[in-house]
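One structure is given below, encoded as structure tokens.
The values are calculated or read from the model by the stated rules, or taken from the named source; none is laboratory data. Here the structure is a predicted model, which is why all the values come from computation and not from measurement. Cβ: placed from backbone, ideal geometry, glycine included. Neighbour counts: every protein chain shown. For the accessible areas, the whole protein counts, side chains as well, though only heavy atoms, and no ligand, DNA or RNA atoms are used. Shrake-Rupley method; radii C 1.70, N 1.55, O 1.52, S 1.80 Å.
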Amino acid sequence: MADREQLRALLREGFAALQSGRTQHAGQLCKRILDLAPKLVQGHFLLGLVALEAGDRRIALQAFGSVTALDAKHSASWAQLAKLFVGEGQVNRADAALARAVRGDPQDPLLQDLIGTVLSLLGEHALAQEWFAKACAKRPRHVGMLLNLANNHVYFGDTGQALPLYERILEIEPNSPQAHWSLAGARKATDDAHVLACRTLLAERPGLHPRLQAFYHYAIGKECEDLERWEEAFAAFAQGAAARRKTVEYDEAAEIEMFAFLEASFDEGWLAAREPGNPSRAPIFVLGQPRTGTTLIERIISSHSAVTSAGELQQFSLAIRRLSDHRDPKRFSAALFEAALGIPPAALGATYLETTRRMQGGTPHFVDKLPQNYLCVPLILAALPNAKIVHLVRDPMDASFASFKQLFADAYLHSYDQREMARHHARYRKLMATWRRRFGSRFHDMSYEATTSDLEAQVRGLLDFLELPFEEACVNFHAQEGAVSTASAAQVREPAHSRSVGRWRRYRTQLEPMRQELAKAGVAAARVQ
């Protein structure tokens, strides 16, 4: 048995090495510690943290698993395992590990913040906010924790709560790239002071990681658009997209395979052969491409007295994972939809309803506006045959450019290259045309352009499809208070407008590669006008 003082000293040195970025040295110390005491809980926990820092998920899973085998009440390791399982697409194991992590109401702020992060990854944003708030109450100057809480407020559209948090972060850490980007997105620029500050910070850090560079470039682009400095805005968006593209692994071949599988597998015969789904009439799905007006339509619908906005929910695809025990880390793939083929529709509908219960509110209906649910249209029709589906349609160039100029978290990896973005959009349009031929009477297409030009007529048609009586509040949606889970939170606080219609034409020269690629795919609406 090794001397306890020697082990304590080695652990102190190991944690200090990890904190100072000397990962290799920390790993060497882990080996010494575990050679001396193979069952030392702290030694395995340190090894897990070192493996995370080194990007070795396999070793991290083994190390935290060893901790929980030695100490079943080690909440921090359960939380780390839950996050790793989410990353591996193993949702059932993540659920179980998270349940173990929260037992006993852990009080350590780092652990509270980690639990909030896992809950966010699982789509439980309201619960995540509680944990983030607990952590920040104890560590009010911890930049990472403050960012998590602020971003959570933005998810709910509560910029009034988020703005002072971003300002506090920048007082503590003036060169926080994510805080600068988030601040730019949370309010409209009225002068170029913040643009100049971001440019200065970029110039002072020439070796900055591309992911962090992207935050500054997108912040500059957004504020230059606010100021109608169009040339500068596009240059910043293009630089940001190029930087972000270096950091993502977009597998276009896998996406092509997935779309082909969907078209080949989910037809009228497949749907007719399904057993009855869950009869609930509560869900209303608003779907399509991101940045095409899904938030505008969600806002209109949820202004009705019979409807609650539940936000962008991951729960439908997570229900597929839970019921099939699908473990591929890719969020959407041909393999995921192959796993979905054999799930009983009633079970899928019931699981979705159960896991969204906290978000549904006390009204007869709720809106789930995750854009990517367009991939799941046949599965929704099978699992929830009485649910309503609203699909947003927008000019393909406006839609594609709107995504290209937006920095997303970990979704829409196709959006950082003009030609990749255009090819994805063409595939999406082809898939929706297929769903329309097969199931067109079961969902409602709604034009963004028509909605902004003739709001009341479009609202009346929408409410008729939803089988809801007309209410003036739906036309005056901009007066509604409450959460708006979108990057467009500020815009939907004002009446419907057409300022974004045809915006791509301000950049028609710069966007020629996108237009050409859409035209090559036969998307005729992309022609220059």
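With Cα atoms defining each centre, region 1-33 and region 180-235 are spaced 41 Å apart in the structure. The residue 509 and residue 479 beta-carbon pair, evaluated with R₀ = 45 Å, returns a calculated FRET efficiency of approximately 0.70. When the P(r) is computed for the chain, the part past 36 Å accounts for 36% of the Cα-Cα pairs. Share of Cα-Cα pairs in region 22-65 beyond 17 Å, in percent? Summing the P(r) tail past 17 Å for region 22-65 gives 19 percent. Computed about the Cα centre, the dipole magnitude for region 351-398 is approximately 180 debye when only Lys and Arg (+1) and Asp and Glu (-1) carry charge, each at its Cβ. Here the chain is treated with +1 on each Lys and Arg Cβ and -1 on each Asp and Glu Cβ, and its dipole about the Cα centre works out to around 780 debye. Here region 97-231 is treated as a sphere whose radius is the Kirkwood value from Cα pairs; by Stokes-Einstein at 37 °C and 0.692 mPa s it diffuses with a coefficient of 207 µm²/s.
Full extension from residue 437 to residue 456: what is 0.36 nm times the residue separation minus their Cα-Cα distance, to one decimal in nm?
Details: separation 19, 0.36 × 19 = 6.84 nm, distance 2.79 nm.
Result: 4.0 nm gained on full extension.
Would you mind giving the average projected area, over all directions, of the Cα convex hull of region 128-175 in nm² with one decimal? Each step should come with its number before you reach the end.
Working: hull surface 11.8 nm².
With the hull built on Cα positions only, its mean projection is 3.0 nm².
Here the contact order of region 79-143, divided by its residue count and restricted to Cα pairs under 8 Å and six or more residues apart, works out to 29 percent.
Enter the accessible area per residue of region 148-200 (Å², integer; probe 1.4 Å; all protein chains in place). It would help to have the intermediate numbers written out before the result.
On the way: 2350 Å² over 53 residues.
That works out to 44 Å² for each residue.
Just going by the charge dipole of region 287-377, with Lys and Arg at +1 and Asp and Glu at -1 on Cβ, which of 375, 359, 347 is farthest out on the positive end? Farthest towards the positive pole: 359. The Cβ shell under 13 Å around residue 319 holds other residues with a net charge of -1, Lys and Arg each +1, Asp and Glu each -1.
May I ask you to give the percent of accessible area on region 228-374 that is carbon plus sulfur, with a probe radius of 1.4 Å? About 51 percent, which is the carbon plus sulfur part of the accessible surface.
Please work out the ratio of the alpha-carbon Rg of region 408-481 to 2.2 N^0.38 Å and round it to two decimals. Walk me through the numbers before you get to the answer.
Details: Rg = 16.5 Å, N = 74, 2.2 N^0.38 = 11.3 Å.
With N residues counted in region 408-481, Rg over 2.2 N^0.38 Å equals 1.46.
Restricting to DSSP H runs of at least four residues, report the calculated mean residue ellipticity at 222 nm for the chain, -39500 (n - 2.57) per run over all residues, nearest 500 deg cm²/dmol. Could the numbers behind the result be given before it?
Details: 27 runs with 317 residues, N = 529.
Theoretical 222 nm ellipticity from helices: -18500 deg cm²/dmol.
Ranking 203, 389, 253 by how far each Cα lies toward the positive end of the dipole of the chain (charges on Cβ) leaves 253 at the top.
Principal axis extents of the Cα atoms in region 250-381, from largest to smallest and rounded to whole angstrom, are 42, 33, 28.
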